[in-house]
Amino acid sequence: MHLNKSCPYSISFRYHFLIAAILGIIVVFIIVFLHPLGSNNFTSPFKTLYFTGYGIIVFFTYLIAVIFSNGYYLRFKIWKWIEELIFCLFFIIIAIIIAFFYTEVIINKKPERLTLILFLNWFKMVFLGFGVIMFVVTVLLRNYYKSMNNVISEKRKPAVEQSKIKLKGTLKKELFSVEETSIVYVRSEDNYVYIYYVEEELLKEKMLRNTLTNIEKQLSSLIKAHRSYLINPDFIILLKGNAQNAKLQLKNIEDYIPVSKTYFASVKNTIN
């Protein structure tokens, strides 16, 4: 499924600060100029200032949510589309909840209206009329700036790429340049090998037409754990099981890598 595919992620505070500011400005603009959900009925000499509070709520809620998502990503080194959508939905829901209290306590000055029934009706109205739009905008903004960040990073790369090796495929002119230390593991399937490597904190995949044996000759630092797998020992977190059912847990990888009985002893010795 597409939701289980890897999604780009950035821990850059500058990047998220910009998104939070844009989201906050969009919210204030919509409320002040488009008057959704009857906001034009609110009369106060400080009307614009009060409405700016909604933008501030969105701004800080997003940044706080990012702190939690950064912690999740740094721990597991995994960010899929399902996590991306859950993050955006979580951010919108929390912002709406805080906005409800702000509306009743600060704007309406009626804290006695803080009841569950009123909240549920208010949440439904705001989420369907406003939250869905902001959810889509958040997803689009995050992915737009992530793609822009990748473009900028590519431009900043030095012309001469040192410490990279060129892996050769069997097809003519089929070359793949990569830092050997960034390769997590290599998996073979039929007449192809799939190289999984980390670049800019993201796990990426490259397919070459070749055999695992030929790739093994080109990657001296990787060890064989299975007839279909080469592993970078630097990414090993844990070896589970015994020689009959061993498997490896690797950094940045959600699935376990099988270890065959033939290579169990050498893998264990490498870890030790």
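The values are calculated or read from the model by the stated rules, or taken from the named source; none is laboratory data. Just so we're clear, the structure is a prediction, and the values are computed from it rather than from any experiment. Cβ sites come from the backbone with ideal geometry, for glycine too, and all protein chains shown count toward neighbours. Calculation scope for accessible area: heavy atoms of the full protein, side chains included, ligands and nucleic acids excluded. Shrake-Rupley method; radii C 1.70, N 1.55, O 1.52, S 1.80 Å.
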Worksheet, complete the sentence: Under Stokes-Einstein, the chain at 10 °C and 1.306 mPa s, with its Kirkwood radius over C-alpha pairs, diffuses with a coefficient in µm²/s of 71
Worksheet item: Do any trypsin sites (Lys or Arg not before Pro) in the range 180-233 lie in a loop, going by DSSP, with at most 15 other beta-carbon atoms within 10 Å of their beta carbon, and if so which?
Response: Arg227
Fill in: Choice from Ala20, Ala243, Ala225 showing the highest fluctuation, given a GNM over the chain with Cα pairs closer than 10 Å
Ala243
Worksheet item: Relative to a virtual label point 7 Å from the Cα of Ile97 in the Cα→beta-carbon direction, which members of the range 58-80 show backbone nitrogen distances below 19 Å?
Response: 58-72
Fill in: Where chymotrypsin sites (Phe, Trp or Tyr not before Pro) fall in DSSP loop in the range 235-268, at most 14 other Cβ within 10 Å
Tyr256
Worksheet item: If one computes the Cα centroid of the range 27-73 and of the range 173-231, what distance in Å separates the two points?
Response: 47
Worksheet item: Counting only protein heavy atoms, what percent of the accessible surface of the chain is carbon or sulfur at a 1.4 Å probe?
Response: 62
Response to the item:
For the chain, the longest principal axis of the Cα atoms and the Cα long axis of helix 81-101 enclose an angle in degrees, to the nearest 10, of 20
Response to the item:
Heavy-atom accessible area per residue of the chain, all protein chains kept, 1.4 Å probe, expressed in Å², is 59
Worksheet item: Could you give the angle, 0 to 90 degrees to the nearest 10, between helix 132-156's Cα long axis and the longest principal axis of the Cα atoms of the chain?
Response: 40
Practice prompt. Mind checking which lysines have their Cα closer than 22 Å to the Cα of Lys109? Skip sequence neighbours fewer than 8 apart in that chain.
Written response: Lys47, Lys124
Response to the item:
In nanometres, the difference between 0.36 nm per residue of separation and the alpha-carbon distance of Asp190 and Asn143 is 13.5 nm
Worksheet entry | Length-normalised contact order for the chain - Cα pairs under 8 Å, 6+ apart - percent | 14
Worksheet, complete the sentence: Distance in nm between Gln244 and Arg14 label points, each 7 Å along Cα→Cβ, equals 5.6
Practice prompt. Assuming a ≥ b ≥ c are the square roots of the Cα gyration tensor eigenvalues, decide whether the range 1-72 counts as rounded (a/c under 1.5), prolate (otherwise, with a/b larger than b/c) or oblate.
Written response: prolate
Worksheet item: Anyone know which of Thr115, Thr262, Thr48 comes out most mobile in the 10 Å Cα GNM of the chain?
Response: Thr115
Discussion item. Could you identify which residue out of Asn252, Asn41, Asn214 has the top mean-square fluctuation in a GNM of the chain using Cα springs shorter than 10 Å?
Written reply: Asn41
Fill in: Selection of trypsin sites (Lys or Arg not before Pro), the range 107-149, meeting DSSP coil and at most 11 other Cβ within 10 Å
Lys109
Worksheet item: Among the lysines, which have Cα under 27 Å from the Cα of Lys173 when same-chain residues fewer than 8 positions away are ignored?
Response: Lys155, Lys157, Lys164, Lys204, Lys206, Lys217, Lys224
Worksheet item: Near the amide H of Glu179, under 5 Å away, which other amide H atoms are found, from residues 5 or more places off or on another chain, if H is placed in the peptide plane?
Response: Ile165
